[in-house]
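Chemist: Once you've had a glance at the structure underneath, I'll fire off some questions.
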Amino acid sequence: MKTDKIGVGIIGYGSITPFHIHSIVELDHCHLIAVQSSNAEKRATIQEKYDVQCFDTYQELISLEQIQLIIICTPSGFHLEPALLAMKAGKHVVVEKPLEISTARCEKMIEASIASKVSLTCIFQNRFASDYLKIKEAIAAGKLGKLLLGNAYIKWKRDQNYYDSSPWRGTLKGDGGAVLINQGIHTIDLLMDLMGNAKMVSGSIRTLTHNIEGEDVAVANVEFESGALGTIEGSTSLYRAFPEKIEIHGEKGSIIMEGGKITHWNTEEDGKLEIKAEKSTSGADDPMAIDNTLHKKQLREIINSIRQGKTPPVAAKKAMQSVAIIEAIYKSSRAHKKISINT
Ligand SMILES: NC(=O)c1ccc[n+]([C@@H]2O[C@H](COP(=O)([O-])OP(=O)(O)OC[C@H]3O[C@@H](n4cnc5c(N)ncnc54)[C@H](O)[C@@H]3O)[C@@H](O)[C@H]2O)c1
C-alpha cells in the first residue's frame with residue numbers, strides 16, 4: 001500500500017453503502033480500511049468480499065489511526081453523533097445527504113469541523129452530472145441574464161413497502177420528514193446552487209397516502225435573496241412517477257433539465273438548441289435505479305482536495321442551505337405563514 005493514499009472508513013451499511021465501497025475501491029489515492037455494521041452477517045460478507053476490517057460499533061472504527069477520512073451512511077437523523085466523534089478524533093468527514101435533519105444539528109457538525117480543523121462535506125452527487133455542470137457554466141457566463149424564476153419538481157413514487165423496509169424512513173426522528181428532506185433534497189439543492197440562497201418561503205405539506213409521520217405531498221413558494229421567485233412541488237404518492245425536473249428562467253433564456261438530462265435550452269445567445277432525447281438517470285420510481293458514477297466523481301474530488309489541503313466541493317455550509325429551506329417549508333405549513341430563512 002502506498003503511504004500517500006488516504007485511508008477511508010465507512011460507518012453504516014445499508015442500500016447506499018455499496019456505492020461508496022465500489023467508488024473507494026475503484027479510485028486512486030485512497031484505500032478502504034474498514035466498514036462498520038451492527039449486522040454480523042453483513043460484516044462477514046464485507047470482510048470476505050473486500051478484505052477489510054469490519055466493526056460492530058462506529059467507536060471502534062473511528063479509533064483506527066490509519067483512517068483519515070470517514071464516510072457516514074447511517075440514517076439521516078443519525079449522522080450527527082458519529083460525525084462529531086470522527087471529527088473530534090481528527091478525521092475528515094463525508095456525510096450522505098441530507099447533512100442532517102435540522103439546521104441546529106447541521107450547525108453542531110459545522111462547529112465541530114471548524115474546531116477540529118477537518119473538512120466536512122455532504123454527498124450531493126447530482127451536482128457532478130455533466131448536463132448540470134453545463135447549466136452552471138451557462139448561468140456563470142451570463143447566458144440566462146438576470147435570473148427570474150426557478151422551479152423544482154419531484155413527482156415520484158414510493159410504495160408503503162419502501163417506507164416499511166427500514167425503520168427510520170418517513171419518521172420525523174430518523175428521516176426528518178419524507179419527500180422533501182429525503183427524495184426532494186437533491187433537486188432542491190440544485191435549485192439553490194443555481195438560483196442562490198432563499199430568504200423567504202411559504203409552503204404546505206400533507207401526508208395523503210402513506211402510513212408515515214413525514215409528508216408525501218408538498219408545495220412551496222420561494223423568494224430568493226436575488227429577488228427572483230421560485231416554486232417547489234414534491235410527492236412520493238403519485239400513480240406513476242416522473243423524472244425530477246428543474247426549470248431555470250432568466251431574462252435572456254431558459255434551461256430545463258429532467259432526470260439529470262437537459263431537455264430544453266433556449267437562450268438569446270444560442271437560440272433554441274435541438275436536444276437529442278437521452279435516457280434519464282432518475283430514481284423516480286426506484287431508489288436504486290442510479291449507479292455509482294456520480295458518487296465516484298464527487299468522492300474523487302473530495303480525496304484530491306484533502307490530499308492538496310484544499311476545501312472539498314459541497315462544503316457543509318452550502319449543504320445546509322437545502323436543509324434550511326425544507327425546515328422553513330415545514331414550519332410554514334404548521335404555522336400557516338411565510339417563514340424567513342437566516343443561515
Ligand atoms: N445520495 C443518494 O442518492 C442516497 C440514496 C439513498 C440513501 N441516501 C442516504 O444515505 C443514508 C442511508 O440510507 P440507506 O438507504 O442506505 O438506509 P438503509 O436503511 O438501507 O441503511 C441504513 C444503515 O444504517 C444502520 N443504522 C441504523 N441506525 C443506525 C445508527 N443509529 N447508528 C449506526 N448505524 C445505524 C442500519 O443498520 C443500516 O445498515 C440516508 O441519510 C439517506 O438519505 C443517499
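Chemist: Excluding ILE205 itself, what net charge comes from residues whose Cβ is under 12 Å from its Cβ, given Lys and Arg +1 and Asp and Glu -1?
Modeler: Result for the local shell: -2.
Chemist: Hey, another quick one. So if I place +1 on the C-beta of Lys and Arg and -1 on the C-beta of Asp and Glu, and nothing else carries charge, what would the dipole magnitude of the stretch 278-335 be about its Cα centre? I want it in debye, nearest 20.
Modeler: Computed about the Cα centre, the dipole is about 420 debye.
Chemist: If each residue's Cβ is checked for other Cβ atoms within 10 Å, how do LEU299, LEU148 rank with the fewest at the top?
Modeler: Ranked by crowding around the Cβ, least crowded first: LEU148, LEU299.
Chemist: Please give the length that would be gained between LYS337 and VAL219 if that part of the chain were fully extended, namely 0.36 nm times their separation in residues minus their C-alpha to C-alpha distance (nm, one decimal).
Modeler: Taking 0.36 nm per residue and subtracting the Cα distance, the gain is 41.1 nm.
Chemist: Here is a follow-up. Please arrange THR17, THR57, THR231 by how many other C-beta atoms lie within 10 Å of their C-beta, fewest to most. Intermediate results must be reported in sequence, preceding the final value.
Modeler: On the way: THR17 21, THR57 13, THR231 16.
Fewest-to-most ranking of THR17, THR57, THR231: THR57, THR231, THR17.
Chemist: Related question: Taking the chain as a Gaussian network, Cα atoms linked when under 10 Å apart, which of LYS279, LYS173, LYS252 shows the biggest mean-square fluctuation?
Modeler: Among LYS279, LYS173, LYS252, the largest GNM mean-square fluctuation belongs to LYS279.
Chemist: What is the Å³ per residue value for the convex hull set by the Cα atoms of the stretch 241-343?
Modeler: Measuring per residue, one finds 190 Å³ for the Cα hull of the stretch 241-343.
Chemist: About its Cα centre, how strong a charge dipole does the chain have in debye, to the nearest 20, once Lys and Arg get +1 and Asp and Glu get -1 at the Cβ?
Modeler: 540
Chemist: Where does the chain land at 222 nm, in deg cm²/dmol rounded to the nearest 500, when only DSSP H runs of n ≥ 4 count, each adding -39500 (n - 2.57), divided by all residues?
Modeler: Counting only the DSSP helices, I get -10000 deg cm²/dmol.
Chemist: Using the Cα centre of the stretch 214-338 as the reference point, and only Cβ charges (+1 on K/R, -1 on D/E), how large is the resulting charge dipole? Debye, rounded to the nearest 20. Kindly include the intermediate steps, with their values, before the conclusion.
Modeler: On the way: 18 positive and 19 negative charges, 123 e Å.
Charge dipole, the stretch 214-338, about its Cα centre: 600 debye, nearest 20.
Chemist: Also, I was wondering about something else. Any idea what diffusion coefficient the stretch 1-92 gets from Stokes-Einstein, in µm²/s, Kirkwood Rh on alpha carbon pairs, 10 °C, 1.306 mPa s?
Modeler: Rounded to a whole number, D works out at 122 µm²/s.
Chemist: Within the stretch 186-284, how many Lys pairs that are eight or more residues apart, or on different chains, come under 20 Å at the alpha-carbon?
Modeler: 8
Chemist: While we're on this one: Name the most mobile residue of SER322, SER235, SER333, meaning the one with the largest mean-square fluctuation, in a Gaussian network model of the chain with Cα contacts below 10 Å.
Modeler: Result for the chain, Cα springs under 10 Å: SER333 fluctuates most.
Chemist: Which of LEU190, LEU64, LEU144 ends up with the largest GNM mean-square fluctuation for the chain, with Cα atoms connected below 10 Å?
Modeler: Largest GNM mean-square fluctuation: LEU64.
Chemist: What is the fewest-to-most order of TRP168, TRP265, TRP156 by other Cβ atoms lying within 10 Å of their Cβ?
Modeler: TRP168, TRP265, TRP156
Chemist: Dividing the alpha-carbon Rg of the chain by 2.2 N^0.38 Å yields what? The partial results should precede the final answer.
Modeler: Details: Rg = 19.9 Å, N = 343, 2.2 N^0.38 = 20.2 Å.
Dividing the Cα radius of gyration by 2.2 N^0.38 Å gives 0.99.
Chemist: Another question about this same structure. At q = 0.16 Å⁻¹, what base-10 log of I(q)/I(0) does the Debye formula yield for the stretch 71-140 when every alpha carbon is treated as an equal point scatterer in vacuo?
Modeler: Normalising to I(0) and taking log10 leaves -0.58.
Each reported figure results from applying straightforward, stated rules to the coordinates on display, with no laboratory input. As the structure is a computational prediction, the values presented were derived from the model and not from experiment. Backbone-built Cβ (ideal geometry, glycine too); neighbour counts: all protein chains shown.
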